1. Taking the Cβ-Cβ separation of residue 362 and residue 223 as r and a Förster radius of 22 Å, what is the calculated FRET efficiency to the nearest 0.05?
2. Going 7 Å from the Cα of residue 145 along its beta-carbon direction, which residues of the stretch 159-199 have the amide nitrogen within less than 20 Å of the resulting point?
3. Per-residue counts of other Cβ atoms within 10 Å, averaged by peptide: what ranking do you get for 250-256, 8-14, 136-142, highest first?
4. Could I have the simple spin-label model distance between residue 352 and residue 121, label points 7 Å from Cα toward Cβ, reported in nm to one decimal?
5. Over all directions, average the projected area of the Cα convex hull of the chain and note it in nm².
6. Using alpha carbons only, how many angstrom separate the centre of the stretch 309-350 from the centre of the stretch 140-193?
7. Calculate how many DSSP beta bridges within the chain are antiparallel, expressed in % of all such bridges and rounded to the nearest 5.
8. State, as an integer percentage, the relative contact order of the chain based on alpha-carbon contacts under 8 Å between residues 6 or more apart.
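Read the figures in this text as sums done on the coordinates, not as results from a lab. If you're wondering where the values come from, they're calculated on a predicted model, not measured in any experiment. Here the Cβ is made from the backbone with ideal geometry for all residues, glycine too, and neighbour counts use every protein chain on show.
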């Protein structure tokens, strides 16, 4: 158990979750300080407008809100400049993946590399002392007496569980992490925030990576190469303005009139071709995952039975995890899943325990 005579740094974003996390830790007797990443480089984002998001000009207001909460709580607050690190590790990666026809998840990359990685390293290098790090994520850790290791676990309130985004944490980090909201519902969080008189208690949640949800706004116009939209037989149905506007499983915005609903079932980055077809063609049962991280177990050397989650809003499904050479793995689902998408993350579970995960590299039908 963490020693309450020591200092906890809380990753604060200006929202109600991280603000309440700081307040709860103070109430529990810890010495608390706040750390906030500054990542927005100041460039205009085409089509982005308003709303709290991870990246965009609204960061200035977020920093003001965070400072206001820190002042209200009476804690020291530090802004950690990670603009260059964010550009290299998140933005450039995100744009490169989209340009290759894949759909990356920026949060599964930003959390382990920046929020739980470079931000803490940079803070300590600047002489900021803390013993533990906490965030407002809805997730839990628990020490397992049998295995003598700290496990990463789903939140108790499953509708808010954020374990999908944190599978990239390292096993040796978990003992120094605190997640005060792992047992709370969102309603309970807002009620507790009101009790601490936090001005952000009714602030809307951040849902977007980029302000306005406009990912294509990150790309220059000359990078949006048009191409053909074809059916599964190769017959031309129309044209599009760039593959960066599409992801596997997408239905809206294809721009093709048809008697039956059409979905994006394939993206060919080399030919800039979008394949649109019926929903039944979206189902597959096998994927190959790379860039694996095992957080609650050792690296398996033989197949194991798991539940696998292929996107944040996907219910984990029974599957076999089969280790492959060079650190990759095959995941074979018991039943076919809709719109398994390369570039997204697949996360492995044993009931409520987060075993680990990786990036979906390839997708197959019938293994």
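1. Working from the Cβ atoms, E equals 0.35.
2. Those under the cut-off are 175.
3. 8-14, 136-142, 250-256
4. In this crude label model, residue 352 to residue 121 measures out at 3.4 nm.
5. Mean projected area for the chain: 19.4 nm², to one decimal.
6. Each part's Cα centre sits 21 Å from the other's.
7. Restricted to the chain, the bridges split so that about 70 percent are antiparallel.
8. Contact order relative to length: 17 percent.
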